[in-house]
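K.L.:
This is the structure, below, for whatever I ask next.
The values are calculated or read from the model by the stated rules, or taken from the named source; none is laboratory data. Because the structure is predicted, anything quoted here is derived from the model rather than measured. No Cβ is skipped: glycine too gets one built from the backbone with ideal geometry, and neighbour counts run over all protein chains shown.
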Amino acid sequence: MVKKKKANIGTQRSAYLFILPSAIILAVFVFVPLIASFIISLLNIDVFMRNVSFAGLANFKKLITDTRAFNDTFNTIYFTVLEVPLQIITALIISTFVANNTRLNQIFRTIFYLPFICSLTAIGIVFSMLLDPNMGWLPYLLNMVGLGGIAFLKDAYLAMPTLIVISVWKNFGYTMTLLTAAIIDVPGYLYEAAEIDGAGYWKKFMKITVPGIWPTICFCIVTNIIASLQTFDLPYIMTKGGPDFHTETIVQYIYDRGFRTAPYSLGYASAISVYLFLIIAIITFIFRKFILNRREEANAW
Amino acid sequence: MVNSRKITAFKIIKVAICLIVAVTVIVPILWLFVSSFKDDREVIAYPPKFFPINWTLMQYQNVNDSVPILSFTKNSVIFAGLVTLISLLFDSMSGYAFARMNFKGKELLFGIILVTMMVPFQVVMTPLYIEIFKFKLLNTYAGLILPRATSAFGIYMMRSFFVSLPKSLEESARIDGCREFRIYWSIMMPLCKPALLTLGIFHFMNNWNDLLYPLMLTSSTDMSTLASGLATLVGNKVIKYGPTLAATMISILPILVLYIFAQKYFTAGISTTGEK
């Protein structure tokens, strides 16, 4: 009895030793910063960390009247509202096409995943060159059909949709892989039964495939929304937020305010981070609630 | 008869759409690849030619004159490589403890770790910078590697894997008097190779491709990774098109090669992600 208890304490101690490295790292580099970000948002502090003082809610008051922050919020939501549905619908259609495990479909799936493994830096550079109005391929091809001189990334109305299309191009393969795995798991007898009932392709898709993979679709929607609200790489590389701030996102503004433009106000940057965090939390919460209700409906069909 | 003809027609449309999408996906990547073999004149020629007329290696030979590609690559290898190795060790140790051992506060601790998975990087970005600044680790490998040396997702994934192994494995080892670390290292780890490969590729790819994180923690060009260094140089338009093409090709090559040889491990991790 005594011996068993001793052994138990021994394994307990070794268990704590096993998780110790991870626990320290997560505590120091995730937990402390998470709490600190709220505190820093209440301070006057710059990147050199001299003259730190308490600011109260001054950073947030400034944020409310900051038209650039408002503009960037609009851009970020604009990006999200178009990118996420476009990407998921593309991925959903394609995944129903390639779900059967034939050799050809496996090749297609391998190809569709390719953009996802490339860095956004590389993709941004490639598309900047392909879209270059003076020597790029796409303007050249468009010129041949009479649509000459379109500067996709310099046009106030075209720049953001261009970034959205490139983002869909990069990410749909990932979503497709998730959805394809879910479609393969939908029991085959459901389709057989539907075929006996004479259901067509569209009906099978709406009544069996979509309800069958609905949890995965929800997962894709929520994770893609969160990722889109954090967009930084593509506009940073391709447009620098331009033309005239038409593609600047919230995260770009955080980075610019804290690390790129004097007075390098980390306090204000943190206030914007907290603001973004709230947006993400609220939207995720609403969507989870909304989607969970829908899911019960889907099951009830 | 009519029905079967309809089905064949539909199949043809499906394959045709897939082919169009496949071409759309491949063309930009193929363009990057072939264009990196063009000479200076062809790179900026108008009207543009898709394939080079005179294939040349000159962009690769001269790339280091305009882009510090060797130093970028070295930094990316050290950063992504060490993060991958260290976090595989720490993630699997924690995953093992959470899956196979009993200790006080286990559920609570695991719950807290799952919560950290949902914290967006942008929220912790500024405080993280201040920490690394205070530790005097800005522009160092340690400063880049330490915050990434474990991950909540990795712990979660390794735990799921360890839970699936039969209990009898370590029981017989315990009877033989094996210490806990021996059981983990010599009995469990060899069984984990697929999970470790999947998680390793996940870590390596994410850190290799990451932009904002190295951008923030390294201000000097000497410490830039391929992703952050190229983004900065191209953004400031300090390099010509030819070397940019070669450097960009070099930056995606390691991941592409890895994808060709270990494709199933790239997508295997996705099923774990999707479970939740």
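K.L.:
Just one of B:V115, B:V123 is more than 7 Å from chain A (Cβ to nearest Cβ), free of Cβ contacts under 8 Å to residues at least 60 places away in the same chain and not basic (K, R); which is it?
P.N.:
B:V115 is the lone residue from the list that is more than 7 Å from chain A (Cβ to nearest Cβ), free of Cβ contacts under 8 Å to residues at least 60 places away in the same chain and not basic (K, R).
K.L.:
Moving on to the next point. Given the structure, is B:T8 surrounded by fewer than 17 Cβ atoms within 10 Å (Cβ to Cβ) and either touching a residue at least 60 places away in the same chain (Cβ under 8 Å) or not hydrophobic (A, V, I, L, M, F, W, C) (or both)?
P.N.:
Yes, satisfied.
K.L.:
Sticking with this structure for a sec: In region B:36-47, how many residues are in contact with a Ser or Thr (Cβ under 9 Å, 6 or more places away or on another chain) and either in a loop (DSSP other than H, G, I, E, B) or not aliphatic (A, V, I, L, M) (or both)?
P.N.:
Going through region B:36-47 one residue at a time, the tally reaches 5.
K.L.:
Test B:F33 against the criterion of being in a loop (DSSP other than H, G, I, E, B), closer than 30 Å to A:I94 by Cα and not assigned by the TED database to the domain that holds B:T232, and give yes or no.
P.N.:
no
K.L.:
Any residue in region B:261-269 that is among the basic types (K, R) and without any contact (Cβ under 8 Å) to a residue 12 or more places away in the chain?
P.N.:
Yes, region B:261-269 has at least one match.
K.L.:
From the set of residues in region A:184-208 that are within 14 Å of chain B (Cβ to nearest Cβ) and more than 34 Å from the chain's Cα centre (by Cα), which is nearest to A:F97 (Cα to Cα)?
P.N.:
The residue in question is A:G200.
K.L.:
If we keep just the residues of region B:91-105 that are among the aromatic types (F, W, Y) and in contact with a Leu (Cβ under 9 Å, 6 or more places away or on another chain), which is nearest to the other protein chains (Cβ to nearest Cβ)?
P.N.:
B:F103
K.L.:
Ok, one more. Within region B:152-181, how many residues are of a type in the set (S, T, N, Q) and over 20 Å from B:F110 (Cα atoms)? Quick ask: steps written out before the conclusion?
P.N.:
Taking region B:152-181 first, the residues of a type in the set (S, T, N, Q) are B:160, B:164, B:168, B:172.
Going one step further and asking which of them are over 20 Å from B:F110 (Cα atoms), we end up with B:168, B:172.
Going through region B:152-181 one residue at a time, the tally reaches 2.
K.L.:
Sticking with this one: If you scan region A:35-74, which residues turn out to be surrounded by fewer than 16 Cβ atoms within 10 Å (Cβ to Cβ), without any contact (Cβ under 8 Å) to a residue 60 or more places away in the chain and closer than 26 Å to A:T231 by Cβ?
P.N.:
Across region A:35-74, the qualifying residues are A:I35, A:I64, A:T65, A:T67, A:F70, A:F74.
K.L.:
Mind checking which pairs have a first residue in region A:183-204 that is closer than 21 Å to A:P215 by Cα and a second that is part of a helix (DSSP H, G or I) and of a type in the set (K, R), Cβ under 7 Å, 6 or more apart or different chains?
P.N.:
Short answer, once both residue conditions are applied: A:Y191/A:K204.
Here's the yes/no breakdown for (1) at pLDDT 90 or above; (2) assigned to a helix (DSSP H, G or I); (3) under 30 Å from A:Y157 (Cβ atoms); (4) in contact with a Cys (Cβ under 7 Å, 6 or more places away or on another chain):
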residue: A:K6; (1), (2), (3), (4): no, yes, no, no
residue: A:Q12; (1), (2), (3), (4): no, yes, no, no
residue: A:P33; (1), (2), (3), (4): yes, yes, no, no
residue: A:A36; (1), (2), (3), (4): yes, yes, no, no
residue: A:N59; (1), (2), (3), (4): no, yes, no, no
residue: A:F79; (1), (2), (3), (4): yes, yes, yes, no
residue: A:F112; (1), (2), (3), (4): yes, yes, yes, no
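K.L.:
Can you give me the number of residues within region B:212-242 that are within 8 Å of another protein chain (Cβ to nearest Cβ), hydrophobic (A, V, I, L, M, F, W, C) and within 23 Å of B:S36 (Cα to Cα)?
P.N.:
5
K.L.:
Report the residue count in region A:209-238 for those that are outside any helix (DSSP H, G or I) and either facing chain B (nearest Cβ under 9 Å) or more than 19 Å from A:D185 (Cβ to Cβ) (or both).
P.N.:
3
K.L.:
Could I ask something else about it? Is there a residue in region B:86-95 that is more than 17 Å from B:L253 (Cβ to Cβ), out of contact with any helix residue (DSSP H, G or I) (no Cβ under 6 Å at 6 or more places or on another chain) and of a type in the set (D, E, K, R)?
P.N.:
No, the conditions are met nowhere in region B:86-95.
K.L.:
So which residues in region A:139-174 are assigned to a helix (DSSP H, G or I), more than 11 Å from every other protein chain (Cβ to nearest Cβ) and over 30 Å from the mean Cα position of the chain (by Cα), if there are any at all?
P.N.:
Of region A:139-174, the ones assigned to a helix (DSSP H, G or I) are A:139-144, A:159-174.
The next check asks that each one be more than 11 Å from every other protein chain (Cβ to nearest Cβ); those that pass are A:142, A:159-164, A:167, A:171.
Answer for region A:139-174, where residues must be assigned to a helix (DSSP H, G or I), more than 11 Å from every other protein chain (Cβ to nearest Cβ) and over 30 Å from the mean Cα position of the chain (by Cα): just A:L142.
K.L.:
Here's something else I'd like to know. If you check B:I7 against the conditions, is it farther than 23 Å from A:L141 by Cβ and either in a loop (DSSP other than H, G, I, E, B) or of a type in the set (A, V, I, L, M, F, W, C) (or both)? Break it down into steps so the answer makes sense when it comes.
P.N.:
Values: farther than 23 Å from A:L141 by Cβ: yes; either in a loop (DSSP other than H, G, I, E, B) or of a type in the set (A, V, I, L, M, F, W, C) (or both): yes.
Yes, satisfied.
K.L.:
Taking the options B:L108, B:L165, B:L137, name whichever one is more than 10 Å from every other protein chain (Cβ to nearest Cβ), under 30 Å from A:L266 (Cα atoms), surrounded by fewer than 21 Cβ atoms within 10 Å (Cβ to Cβ) and more than 21 Å from the chain's Cα centre (by Cα).
P.N.:
Among B:L108, B:L165, B:L137, only B:L137 is more than 10 Å from every other protein chain (Cβ to nearest Cβ), under 30 Å from A:L266 (Cα atoms), surrounded by fewer than 21 Cβ atoms within 10 Å (Cβ to Cβ) and more than 21 Å from the chain's Cα centre (by Cα).
K.L.:
In region B:68-147, which helices (runs of 4 or more DSSP H) lie fully inside it and hold 1 or more residues that are farther than 30 Å from B:I239 by Cβ and at pLDDT 90 or above?
P.N.:
It comes to B:69-100, B:106-116, B:121-134.
K.L.:
What are the residue pairs meeting all of these: first residue in region A:119-130, first residue more than 7 Å from chain B (Cβ to nearest Cβ) and buried (at least 24 other Cβ atoms within 10 Å of the Cβ), second residue of a type in the set (S, T, Y) and not in a helix (DSSP H, G or I), Cβ atoms under 7 Å, and 6 or more apart or on different chains?
P.N.:
Here the result reads none, with nothing in region A:119-130 linked to a residue that is of a type in the set (S, T, Y) and not in a helix (DSSP H, G or I).
K.L.:
Only one of A:G242, A:G198 is under 30 Å from A:F127 (Cα atoms), at pLDDT below 85 and part of a loop (DSSP other than H, G, I, E, B); which?
P.N.:
A:G242
K.L.:
Looking at B:Y184, B:Y241, B:Y156, can you tell me which residue is modelled with pLDDT of 90 or more and aromatic (F, W, Y)?
P.N.:
Details: B:Y184 fails: modelled with pLDDT of 90 or more; B:Y241 fails: modelled with pLDDT of 90 or more.
Going through B:Y184, B:Y241, B:Y156 in turn, just one is modelled with pLDDT of 90 or more and aromatic (F, W, Y): B:Y156.
K.L.:
Which ranges mark the helices (runs of 4 or more DSSP H) fully within region B:149-222 that have 3 or more residues being assigned by the TED database to the domain that holds B:G81 and of a type in the set (G, A, S)? So that I can check it myself, show each step before the final result.
P.N.:
Details: elements: B:152-163, B:168-175, B:193-209, B:212-217.
Because the criterion is at least 3 residues that are assigned by the TED database to the domain that holds B:G81 and of a type in the set (G, A, S), the helices (runs of 4 or more DSSP H) in region B:149-222 that meet it are B:152-163, B:168-175.
K.L.:
Give me the pairs, please: first residue somewhere in region A:78-104 and free of Cβ contacts under 8 Å to residues at least 12 places away in the same chain, second residue anywhere and among the aliphatic types (A, V, I, L, M) and not in a loop (DSSP other than H, G, I, E, B), beta-carbon distance under 7 Å, and either six or more positions apart or on two chains.
P.N.:
A:F97/B:I17
K.L.:
Continuing with the same structure: Among the residues of region B:14-49, write down those that are exposed (fewer than 13 other Cβ atoms within 10 Å of the Cβ), more than 7 Å from chain A (Cβ to nearest Cβ) and at pLDDT below 90.
P.N.:
Across region B:14-49, the qualifying residue is only B:R41.
K.L.:
Quick one: A:T11 ticks every box in (1) among the polar types (S, T, N, Q); (2) farther than 30 Å from B:F98 by Cβ; (3) at the interface with chain B (Cβ under 8 Å from one of its Cβ atoms) except a single one, so which number is it?
P.N.:
Looking at each condition in turn, A:T11 falls short on (2).
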